[in-house]
Structures are given as C-alpha cells and as structure tokens.
1. State which residue pairs qualify: first residue over 20 Å from Cys121 (Cα atoms) and open to solvent by 70 Å² or more (accessible area, probe 1.4 Å) and inside the range 142-163, second residue at pLDDT 90 or above and not polar (S, T, N, Q) in any location, beta carbons under 9 Å apart, and separation of 6 or more residues or different chains.
2. If you check every pair at least six apart or on different chains, which have Cβ atoms under 8 Å apart with a residue in the range 92-119 that is among the hydroxyl-bearing types (Ser, Thr, Tyr) first and a residue that is surrounded by 12 or more Cβ atoms within 10 Å (Cβ to Cβ) second?
3. Within the range 147-166, is even one residue among the charged types (D, E, K, R), over 23 Å from Ala43 (Cβ atoms) and within 12 Å of the chain's Cα centre (by Cα)?
4. Taking the stated definitions as given, is Gly30 modelled with pLDDT under 95, out of contact with any Pro (no Cβ under 7 Å at 6 or more places or on another chain), part of a loop (DSSP other than H, G, I, E, B) and open to solvent by less than 60 Å² (accessible area, probe 1.4 Å)?
5. For the range 113-170, enumerate the residues that are within 16 Å of Arg49 (Cβ to Cβ), assigned to a helix (DSSP H, G or I) and among the acidic types (Asp, Glu).
6. Which one is surrounded by the most Cβ atoms within 10 Å (Cβ to Cβ) among residues in the range 66-121 that are among the hydroxyl-bearing types (Ser, Thr, Tyr) and under 22 Å from the mean Cα position of the chain (by Cα)?
7. Residues of the range 47-65 being in a strand (DSSP E or B) and either open to solvent by less than 40 Å² (accessible area, probe 1.4 Å) or closer than 18 Å to His133 by Cβ (or both), which ones?
Amino acid sequence: MNRREFLKRTAWMGAAAMAAGCISKGNALGFGTGGSMHGFRVAPMKRVRVGVIGVGSRGTPAVQRIAQIPGCEVTAICDINPRQLDKNQAWLKEHGYRAPKEWGRNGDEEAWKGLCDSDICDVVYSVTPRPLHAPINVYAMDHGKHVLQEVPGAFSLDECWATVEAAERN
C-alpha cells in the first residue's frame with residue numbers, strides 16, 4: 001500500500017477519534033464549562049513564586065533547579081518527611097536563598113492543601129507519588145494556582161477530564 005492509499009484508509013479513524021472527543025462530557029464541542037484553552041495567555045510575572053509539593057528524591061533536585069532560575073523563588077515546600085524539609089531548607093540557606101514556608105512536617109498527608117490555599121505562591125509544582133498528581137493539580141488550579149507536573153499528571157480518562165475541566169474553569 002502506498003502513502004496516499006494509507007492516508008485514505010486511515011483518515012476516517014482520525015475524524016472518528018476527533019468526533020468522539022468532541023461529543024464527550026455532554027456538549028457538542030467537548031470543552032468543559034470554561035471553553036477551549038486554545039490561545040490561553042497569562043500576563044508576564046516579574047517574579048514567579050513557586051510552591052513545591054513533594055521534596056523527596058525527585059523533589060529536592062527540582063527545588064535546587066527552580067531556586068536558580070532568574071525570576072523564580074521557591075516560597076513554599078511541602079513534604080510529610082521532616083528530614084526532607086530540613087534538607088531542602090538547609091540547601092536553600094547554604095546557597096543564599098530565603099527560607100520557604102513549609103507544610104507537612106507533622107505528617108499530615110493532606111498538608112499540600114494548605115500550600116494550595118495560601119497566597120504565598122503563584123505556581124504549584126507537584127513532585128509526588130502518582131495517585132496524588134491529578135488531585136493536587138485540580139485542587140491547585142481551583143485555588144488560583146498555575147501548575148507544573150514533572151511526570152504525567154493524569155493516569156485515567158477521568159483524571160484527564162478533571163484536569164482539563166479545572167484548567168478551562170480557571
């Protein structure tokens with residue numbers, strides 16, 4: 001089969017997939033309550049205040065990278081392991097950065113919600129175990145934060161839709 005024949009035979013699959021996505025969730029365009037994110041822009045920020053949730057083996061290097069980006073400041077960290085909080089606070093202090101506010105030292109597994117509820121950061125960077133990715137991202141967006149995710153942020157169709165709808169809503 002040549003390329004032209006292949007495209008003719010498979011074009012209907014692309015159209016069907018697009019149509020299936022466009023009629024899901026009960027509306028003709030397939031968008032959540034807020035509409036398409038196409039063309040979304042945010043006003044530039046002179047200083048981006050970042051809260052990092054999960055400062056363990058992958059989160060600690062993330063804190064160190066973000067702290068060194070001009071115009072970024074790690075203003076909040078969250079982890080249920082006090083040793084990880086101490087390690088990150090020590091590194092930031094040693095390198096001349098301000099101490100971020102912290103959540104989770106008491107082992108509260110929902111302490112990340114306090115970080116998201118606060119006005120101390122503009123962006124929430126989730127570096128947590130997989131089951132927390134979508135819930136943290138959706139919660140953070142619903143509380144006025146931009147979100148960053150270091151690995152896939154959703155692992156089911158429901159999580160994907162929840163994330164898309166939170167982004168559109170906010």
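The values are calculated or read from the model by the stated rules, or taken from the named source; none is laboratory data. What you see is a predicted model, and the numbers here were worked out from it, not measured in a lab. Ideal geometry is used to build each Cβ from the backbone, glycine not excepted, and the neighbour counts take in all protein chains shown. Ligands, DNA and RNA are excluded from the accessible area calculation, which covers all protein heavy atoms including side chains. Shrake-Rupley method; radii C 1.70, N 1.55, O 1.52, S 1.80 Å.
1. Partner pairs satisfying both residue conditions: Pro152/Arg130; Pro152/His133; Phe155/Arg130; Phe155/Pro131; Phe155/His133; Phe155/Ala134; Asp158/Ala134.
2. Tyr97/Ala67; Tyr97/Glu73; Tyr97/Val74; Ser118/Gly51; Ser118/Ala76; Ser118/Lys101
3. yes
4. Numbers: modelled with pLDDT under 95: yes; out of contact with any Pro (no Cβ under 7 Å at 6 or more places or on another chain): yes; part of a loop (DSSP other than H, G, I, E, B): yes; open to solvent by less than 60 Å² (accessible area, probe 1.4 Å): yes.
For Gly30, the condition - modelled with pLDDT under 95, out of contact with any Pro (no Cβ under 7 Å at 6 or more places or on another chain), part of a loop (DSSP other than H, G, I, E, B) and open to solvent by less than 60 Å² (accessible area, probe 1.4 Å) - is met.
5. Answer for the range 113-170, where residues must be within 16 Å of Arg49 (Cβ to Cβ), assigned to a helix (DSSP H, G or I) and among the acidic types (Asp, Glu): just Asp117.
6. Thr75
7. Taking the range 47-65 and keeping what is in a strand (DSSP E or B), we get 48-53.
Scanning the range 47-65 gives Val48, Val50, Gly51, Val52, Ile53.
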